[in-house]
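J.: Sharing a structure below in C-alpha cells format, with a few things to ask.
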Amino acid sequence: QVQLVESGGGLVQPGGSLRLSCAASGLTFENSDMNWYRQAPGKQREWVAFVTRTGSTYYGDSAKGRFTISRDNAKATVYLQMNSLKPDDTAVYYCNHAGLGLSYWGQGTQVTVSL
C-alpha cells in the first residue's frame, strides 16, 4: 500500500522560504519518479515540479527559478525547497507518484504566504 505523507507547510511572509517534505512508503522509492502539485482555493490542481528516479528535475512555469525539487533515496523522501514566496503561492501542496497506470497522492500540506 503506497503512502505519501507531506509536511513542512505553514504561514510565511512574502519573500520567505519553506521546505516541504514528502515521506513515501509502500513503493520502491529509488525506482519511482515523483511530483509536487498544488491547488489554490477555487482553482484547478497545478503541476509544480518533477524529479525522475535518476535525479533529473523539471519545473512548471510558476516554480522556475524559485523552487527546487530534490530527493533522498536513503530516506525515501522528496523535498520541495521554495524561495522568494509570493501570495500567489498560497495553496495546498501535494506529493504524487504515478506509475503502472495508477496515481497516488498524499493528504497535502497547506502553504499560506501572507503578511
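J.: Could you pull out every one of the lysines with an alpha carbon less than 17 Å from that of residue 86, ignoring same-chain neighbours closer than 8 positions?
T.: List returned: 43, 64.
J.: Return the percentage of antiparallel bridges among DSSP beta bridges fully within segment 22-115, rounded to the nearest 5 %. Don't jump to the answer; show the numbers that get you there.
T.: On the way: 28 of 28 bridges.
Approximately 100 percent, going by the DSSP bridge assignments.
J.: Over all pairs of distinct alpha carbons, what does the Kirkwood formula give as the hydrodynamic radius of segment 1-95, in Å? Don't skip to the answer; put the middle values down first.
T.: Working: mean 1/r = 0.0737 Å⁻¹.
This gives a value of 13.6 Å.
J.: So how far apart, in nm, are the two label points at residue 11 and residue 73 if each is 7 Å from Cα heading toward Cβ?
T.: Going from the residue 11 label point to the residue 73 one covers 4.1 nm.
J.: Another question, if that's okay. Provide the solvent-accessible area of residue 105, counting protein heavy atoms only and rolling a 1.4 Å probe, rounded to the nearest 10 Å².
T.: Its accessible surface works out to 100 Å², give or take rounding.
J.: Mind checking the dipole of the chain: about its Cα centre, +1 per Lys or Arg Cβ, -1 per Asp or Glu Cβ, Debye to the nearest 20?
T.: On the way: 10 positive and 8 negative charges, 21 e Å.
For the chain, the charge dipole is close to 100 debye.
The values are calculated or read from the model by the stated rules, or taken from the named source; none is laboratory data. This structure is a prediction, so every number in the text was calculated from the model and none was measured. Counting neighbours? That spans all protein chains shown, and the Cβs are built from the backbone with ideal geometry, glycine included. Each accessible area value is taken on the protein alone, full model and side chains, heavy atoms only, with ligands, DNA and RNA left out. Shrake-Rupley method; radii C 1.70, N 1.55, O 1.52, S 1.80 Å.
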